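Since every read-out is calculated from the coordinates, none of them should be taken as a lab result. Since the structure is predicted, the reported quantities are computational estimates derived from the model, not experimental observations. When we count neighbours, we look across all protein chains shown, and the Cβ atoms used for this are built from the backbone with ideal geometry, even at glycine.
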């Protein structure tokens with residue numbers, strides 16, 4: 001029996017059969033700015049909500065972009081789910097983060 005040297009999709013070998021693994025990548029965008037203590041609290045809330053799960057967080061400083069500054073200036077921190085496009089502004093709690101995560105389904 002021949003197997004590909006490098007499968008393109010992750011596979012797990014169980015009892016003579018290869019199975020595809022479904023990898024779930026949690027992604028969020030956090031609109032923030034330097035010195036924002038609420039933004040630091042938002043990251044803590046995110047960590048509590050995910051309970052140690054891996055997460056890809058793209059932290060974007062709105063001060064470097066006039067359009068973002070106008071859109072988010074008085075709302076930061078804002079957490080966005082890039083898959084669904086939905087976002088929540090501060091204040092938010094772990095349950096709000098989980099609802100945002102579920103919004104991509």
What distance in nm separates the two pseudo spin-label positions at residue 37 and residue 56, each 7 Å out from Cα along the beta-carbon direction?
3.4
Suppose each label sits 7 Å from its Cα in the direction of the beta carbon; what would the residue 63-residue 83 distance come out to in nanometres?
3.3
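Rounded to a whole number of µm²/s, how large is the Stokes-Einstein D of the stretch 25-102 at 10 °C and 1.306 mPa s, given Rh as the Kirkwood radius over C-alpha pairs? Please report the intermediate quantities before stating the final value.
Numbers: Rh = 12.4 Å.
Once the numbers are plugged in, D ends up at 128 µm²/s.
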